[in-house]
Each structure stands twice: as structure tokens, then as C-alpha cells.
1. For T256, indicate whether it is in the same structural domain as L199 (by TED's automatic domain parsing), under 24 Å from the mean Cα position of the chain (by Cα) and of a type in the set (S, T, N, Q).
2. Which of (1) at pLDDT below 85; (2) surrounded by 15 or more Cβ atoms within 10 Å (Cβ to Cβ) does I144 not meet, given it meets every other one?
3. Can you tell me which residue in region 204-223 is nearest to L12 (Cα to Cα), limited to those that are surrounded by fewer than 17 Cβ atoms within 10 Å (Cβ to Cβ) and of a type in the set (K, R)?
4. Output the residues belonging to region 43-58 that are within 19 Å of E80 (Cβ to Cβ) and touching a strand residue (DSSP E or B) at 6+ places or on another chain (Cβ under 6 Å).
5. Residues being within 22 Å of V27 (Cα to Cα), free of Cβ contacts under 8 Å to residues at least 40 places away in the same chain and β-branched (V, I, T): count how many of those fall in region 94-143.
6. Among the residues of region 147-183, write down those that are at pLDDT below 75 and in a loop (DSSP other than H, G, I, E, B).
7. Anything in region 1-23 that is touching a helix residue (DSSP H, G or I) at 6+ places or on another chain (Cβ under 9 Å), part of a helix (DSSP H, G or I) and surrounded by fewer than 20 Cβ atoms within 10 Å (Cβ to Cβ)? List them, or say none.
Amino acid sequence: MIKQYLASKFKLGRLYNSWLIAANDTVTALKDLNDFISSFLLIGDIPLETHPDYKFIEREKSATVNTKNISVDQIRELTEFLNKTPSIGPYKVAIIYQSDLMNVNAANSCLKLLEDTAKNTYIFLIATRASSLLPTIRSRCAKINYRSDDTHLVDDIYVKFITLIANGHNIDTKLEFLKELSDKNRSLWSEFSDNILDLMNKLIKKSAGIDTKLSSLELEIMAKLYPNSPEYLIGKYKKIKNLIDNTIKYDLDLKTSYLLIIDHFNCH
């Protein structure tokens with residue numbers, strides 16, 4: 001499932017440079033992630049374990065050494081690797097496996113790495129206890145919650161933004177996000193608008209009778225958009241997309257545009 005999910009993001013040009021995958025089965029998550037990397041990022045006949053543009057980090061193990069943590073030296077070595085130009089393709093890729101085992105110094109070094117990630121670089125952190133990572137590390141990554149017994153993945157970024165829509169009537173919710181949008185935070189605006197359009201696409205498919213599973217939060221939002229027929233939702237989609245496009249095209253105020261989008265979901 002991780003492969004398909006990341007592939008869809010890659011094809012849409014929405015694959016973030018840093019990802020945190022919280023998984024109850026890290027072995028399966030790693031296999032699925034490597035399948036994605038081999039199919040879309042590091043294409044060719046070279047196995048990942050010998051690919052010059054691929055780096056895998058885990059706690060060191062040997063017959064005589066079985067360290068408890070991932071060390072700062074390992075993260076520094078990774079930083080040096082990622083700072084070099086790709087040898088074959090356009091990308092460099094790194095995985096920090098069981099990243100929740102980084103010691104304090106390694107975690108701080110990892111944070112600096114995530115803050116300066118190059119556009120042609122993708123870093124994936126896999127962890128069983130993602131909540132134990134530094135909050136600043138978690139905030140730098142797009143997040144996926146993977147459960148081997150579940151039928152779908154949960155994208156925390158998507159959930160964050162549709163929660164804003166569901167709670168759009170709440171003044172505290174509005175004010176909290178408006179603070180984040182300060183100083184013309186176009187990166188945050190881009191994430192918000194992309195996910196809102198994804199939401200509208202799902203609602204349109206559902207209203208048209210296409211087999212689409214909606215979460216309780218998405219169903220709550222759809223109920224607000226009465227009569228939620230395909231024609232009505234398509235019209236609503238066009239208005240929201242036009243507002244999003246014009247915000248960037250004419251350098252409109254991001255806060256005002258956000259409030260206008262919220263209003264589109266609050267009317268019946």
C-alpha cells in the first residue's frame with residue numbers, strides 16, 4: 001500500500017522530500033517502500049543495496065557489536081552522502097530504518113539534515129514509536145500511518161487540513177491556522193490547497209456513485225455541501241480551484257483566501 005500511495009503522490013508532483021512512516025510492521029513497510037523507490041526514483045538494473053544513490057541507515061549490528069541506538073556518526077555520514085551530486089539518475093534517496101532508535105545527538109543532526117534537504121533528495125524515516133522522535137523532526141516530514149492489518153493509509157497532513165474544513169465554524173481553529181499562514185507562507189498554502197482539491201475530488205467521485213470510501217470526517221464535510229449532487233460539487237470545485245489559482249497568480253492575501261475557502265464549506 002505504501003508503494004501505491006507514494007506512487008500517486010509522485011505522479012501528481014506532490015512527493016514531499018521528507019517522510020515519516022509510522023508502522024507497526026517495519027519489515028513490511030520497508031519492503032513496500034523499497035519497491036516504490038526501485039520503481040519510481042532509482043530506476044534501473046542496479047540492486048538498491050549496491051546503488052550509488054541509495055543509502056540505508058539502521059543501528060549497527062555485527063557478531064561483536066549490537067548497539068542500542070543509531071549514532072550521530074551514521075547521520076553525519078548520511079549527510080555527507082546526500083550532499084554529493086547523484087551518480088546515475090536525478091535523485092538521491094535515503095532511509096533511516098527504526099529512526100526512533102536515534103540517540104539525542106543523532107536526532108539533532110537529523111533535524112539539521114531535514115531542514116536543508118535538497119530538491120533532488122528524498123529521505124524516508126521508518127519508526128514503530130514515531131511519537132518518541134523530536135517534535136521538530138516530525139513537523140519537518142509528511143506523515144504516513146501504516147498498519148499491516150488496515151486496508152488504507154492515513155496521511156496525517158491530509159487529515160490536518162480536512163479537519164480545518166470540518167471545524168471551519170470554530171473561531172479558535174481558524175485563528176490557529178491563520179497564525180501559521182503568517183509571513184506569506186506559500187509552502188503551507190500549497191499543501192493546504194492541494195489537499196482541499198484532493199478532498200473535493202473524493203466527494204465528487206462519491207456523489208457520482210464511484211466506489212469511494214470516505215472517512216467519518218469526509219462524510220461530515222459532504223453533509224454540509226447539500227444537495228451534494230455531482231453537478232453541485234463540480235461547480236463548488238471549480239469555484240474553489242479558481243480562488244486557489246488566483247491567489248497565487250495575483251499574489252492575493254493567503255489569510256483572506258483561506259477564510260473564503262472555509263466559507264465555501266460552511267454554506268448549505
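The values are calculated or read from the model by the stated rules, or taken from the named source; none is laboratory data. This structure is a prediction, so every number in the text was calculated from the model and none was measured. For neighbour counting, all protein chains shown are included, and Cβ atoms are generated from backbone atoms with ideal geometry for every residue, glycine included.
1. no
2. Against the list (1) at pLDDT below 85; (2) surrounded by 15 or more Cβ atoms within 10 Å (Cβ to Cβ), I144 comes up short only on (1).
3. Out of the qualifying residues, it is K205.
4. D53, Y54, K55, F56, I57, E58
5. Final tally of qualifying residues: 1.
6. The initial filter retains those residues of region 147-183 that are at pLDDT below 75, namely 148-157, 182-183.
Once the filter is applied, which keeps residues that are at pLDDT below 75 and in a loop (DSSP other than H, G, I, E, B), region 147-183 yields S148, D149, D150, T151, H152, L153, S182, D183.
7. Across region 1-23, the qualifying residues are K3, Q4, Y5, A7, F10, K11.
Let's see how each residue does on (1) closer than 22 Å to K11 by Cβ; (2) in contact (Cβ under 8 Å) with a residue 60 or more places away in the chain; (3) in contact with a helix residue (DSSP H, G or I) (Cβ under 6 Å, 6 or more places away or on another chain):
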| residue | (1), (2), (3) |
| --- | --- |
| K179 | no, no, no |
| K202 | yes, no, no |
| L233 | no, no, yes |
| L259 | no, yes, no |
